[in-house]
Structure formats: C-alpha cells, structure tokens
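S.K.: Before I ask anything, let me first share the structure, which is written out below as structure tokens.
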Amino acid sequence: MAIGESRSLSSLEDSASTARVLNLRKVYSDFSEDPAYQKAPFFQNPVLNRSLIVKHRLRSNERDDFIVARNVATKLIIPIDTTDLKLGAHYVFVGQKNFEKILLTSIDKNSNQLQKDFETLSVLDSIPTLDPFLLREQLLRHGINPANVYFQITDADVLRMLTFAEAEIGELVRMSVGNQGTAEQVAILTKKLLSSNGAAETEALRLTLQMDHAQYREGIFCWKAFLYYKWQLRELLPKAKKILTEIETVVPKGTPSVDERVQIAQMRRNISRNFSRAVKSVSTTLGIYDNAYFMLTQKSDPLVFKNFLLSAPELFKSLGERLGAVEHLLSFWQFRVPAGSRTLMIADELIDIFGDFESSLDVVNDQDDAAISQIDFSAIDQTVL
C-alpha cells in the first residue's frame, strides 16, 4: 500500500464533504462505547472499521492501476495510528489490480476473514457518492445493515448548510412556538435536528408529527436527507452554469479532424441535455418533499408529512445517484481545468472526458427513471404529488 501524507489527511478531516468522505475513524472516536456501534459495525475487521473512505479523482498515473478505465475510484485510507493522523496512513484503491491481495497482506488477514467486508467495499465502490442516505439504502439492498451512527452529515457540511437549514425549518419552529419564535430558537432547533442525536433532542417535534419513537428516529434521518439534498442542489447550480458554458465553448488544442469535431459537438449536446434532465428530476423529486412540508406548516396536517418521511428512503437512490453524477461532472472539470487556466486538451483527451460525463449521466438517468416509476406513493396523500 502507498503511504499518505499526514498534512493532507488532517485537511481531509477538517473540511470533509459528506458526499466524498466516509470517516469511520471519527465514528469510532465519537461512538465506540455506544451499544449500537458495538453490535452492528460497518466493517467486521476493526482495522477497516477505523479507516477513511474517499471518492477520489484519479490522476493519469493512477489510472494504470486499474484494468478497466475509470476516472473516479474508491480510496481506502488506513491510518498508521488511529489516534494521530500526523503519523500518516496506508492507502489502496478498491478494485485496483491485486486489490484483495494487497489489502490482505497489509492487515495480515486471509480472504475468508474479510469476505463480508469485501462485499461491503464492493457496494461502496458501485455508487458515485458516499452521502449517508444513498449509502444506507444501497447497503440495505445488499443485506448489510450497520448501526445508524455511521450515517451522519459531516461536521464541515453541517456548518456549511446551517443557514440554509434554518431558513428551511423556520416556518415549522414558528408553528410550534407561535409567531414569536426567535431566530435563536430556529438556530437551536436546526442544530439539534442536524446533530447525530437529533431524534432524542427534539421530543416536542415528535409529538407534533404524531410519531412513535422508532418512526421518529427514521423520520429525522429522512428529513435530514432532504435538507441535505436541497442544500447540495443549491450549492451545485451556480457552479454548473459556469462549467457548462466552458464545456460548450472549449476548443481542443491543435487541429481536430472533421469526425472529431462532429463527435465533440454531439457530446456537448448530449451532456447539456442529460445534465438538465438530471437536475430537473432532482428538482421534481424535492418538490414532493416541499409539498408535504407545505401540508404540515400551512395546512396543519402532520399525517401527510409523516407518511412522506416514512416513504422517503425509496427516493434516496434517485436523488443521491443523480446528484452524485452532477457533482462528479462539475468537480472533475474543475480538477482538470482549474479556475483562471486555459483548457489545453487534445481532441482525444476531450472526447475521453466527455464520454465519461455522458456515460455517468446516461446511466443514472435511465436507471432512476425506471426506479422512480416503481415507487408506490399510495401511503402519501395525493394532494402533495
């Protein structure tokens, strides 16, 4: 395994994006004494269960580590000392050549001892993002059910989305405490809602929604998901406008052939169309949440919102994968063409990047259109649809 730099590891922890990083080391630090953590670990192997997992944009030299070409990989980072990141870490890419052999050697285990953990790593590698809501649903689909303490929004993202979330739930706070609800009350409830112990900290809200404790724990998890997805879409759209303009106007270096120019033009159109399709689908799905929330706050009908939250996990795959594909397109383009620089790609390289964008958008759009059509919304009052 390669050795990671301690400085970059510390930076990764401090500014980690929920969609990009799964920090099992921090979960261990925060919840190792929690009975739920001890009963249902994410990985069976304790070394893996204190690792960091990152969705990583591959550099050109790293792509040679894979048999099948790819631009993004799942990076498994194992700290040398889980109490001190300054000592550095080992890392390996899931699915790289000789992955299992490298990992088994590094933690001195045999394949039988890690079989279940390899299955979990395979699921992680199969999805475009590590956001906790999509991740939990995909693991459940494969019969893997770690404790809920593993599925939290990172502290860095909570800070980034706090103002947005306060505006989103302000109406509910005012409904709960009267029109005299202060900005401080809104801020306090928002922080409680987004915390890892949100359900236990907001008992009055449970009574308002007429949920039992088990329903409310699940409902809070789903509510955080929709707040997170709405915030994520809002953050991505301004970047998207600029980057799509760059994609539509970039001119490859040199003199491309006629066929290359035709192919690039067609790819531009496909990317723009499928990007818009993905964003529209995300917006439409989030609109279902908005209408259910409207029924709660404006029509004083908690049952509609309750039923929506309990049906919501079926939407996470569509939202998470589409937003993951959009984020991948934007972040990879920013990585390849940093702000203030000129695009210096030959036609072949541009076609390769555009092909990756086309493929990722096509896959999630086609799969998720089919998946959404199978969702049963009969439990949700039709007035919200």
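S.K.: Region 157-384: percent of C-alpha pairs farther apart than 31 Å?
M.R.: Value for region 157-384 (Cα pairs over 31 Å): 35 percent.
S.K.: May I pose another question? What pairs in K55/K317; K86/K224; K39/K101; K75/K241; K116/K192 have C-alpha atoms more than 25 Å from each other? Mind dumping the intermediate values first?
M.R.: Numbers: K55/K317 17 Å; K86/K224 33 Å; K39/K101 28 Å; K75/K241 29 Å; K116/K192 35 Å.
Too far apart for the 25 Å limit: K86/K224; K39/K101; K75/K241; K116/K192.
S.K.: Further question: With +1 on each Lys and Arg Cβ and -1 on each Asp and Glu Cβ, how big is the dipole of region 2-150 about its Cα centre, in debye rounded to the nearest 20?
M.R.: In total the dipole reaches around 340 debye.
S.K.: Still on this structure: As a test of the formula, what do you get for the chain when each DSSP H run with n ≥ 4 contributes -39,500 (n - 2.57) and the sum is divided by the residue count, at 222 nm and rounded to the nearest 500 deg cm²/dmol?
M.R.: -20500 deg cm²/dmol
S.K.: Now for a separate question. Once you have the Cα-Cα distance between L87 and R70, take 0.36 nm times their residue separation minus that, and quote the gain in nm to one decimal. Intermediate results must be reported in sequence, preceding the final value.
M.R.: Working: separation 17, 0.36 × 17 = 6.12 nm, distance 3.03 nm.
Residue separation times 0.36 nm, minus the Cα-Cα distance, leaves 3.1 nm.
S.K.: Tell me the label-point distance for the pair R277, D30, using the 7 Å Cα-to-Cβ offset, in nm and rounded to one decimal.
M.R.: Between R277 and D30, the simple spin-label model gives 3.8 nm.
S.K.: Okay, moving on. So, by mean Cβ neighbours within 10 angstrom, what's the order for 34-46, 317-329, 142-154 with the highest one leading?
M.R.: Packing order, densest peptide first, comes out as 317-329, 142-154, 34-46.
S.K.: Additional query: Considering only the chain, what is the antiparallel percent among its DSSP beta bridges, to the nearest 5?
M.R.: Given both bridge residues lie in the chain, the antiparallel proportion sits at roughly 95 percent.
S.K.: When the chain is fully extended, how far beyond the present Cα-Cα distance does T255 get from R59, taking 0.36 nm per residue of separation?
M.R.: Contour length minus the Cα-Cα distance gives 68.0 nm.
S.K.: Go through 63-73, 128-138 and give me the packing order, highest mean Cβ count within 10 Å leading. Provide the component values of the computation, followed by the final result.
M.R.: Working: 63-73: 13.9, 128-138: 22.7.
Peptide ranking by packing, descending: 128-138, 63-73.
S.K.: Where does each of 272-282, 102-112 land if you order them by average Cβ count within 10 Å, highest first?
M.R.: Peptide ranking by packing, descending: 272-282, 102-112.
Just so you know, all these numbers are worked out from the coordinates, no wet-lab data involved. Everything quoted here is computed from the prediction, not taken from an experiment. With ideal geometry, Cβ positions are generated from the backbone for all residues, glycine too; neighbour counts draw on all protein chains shown.
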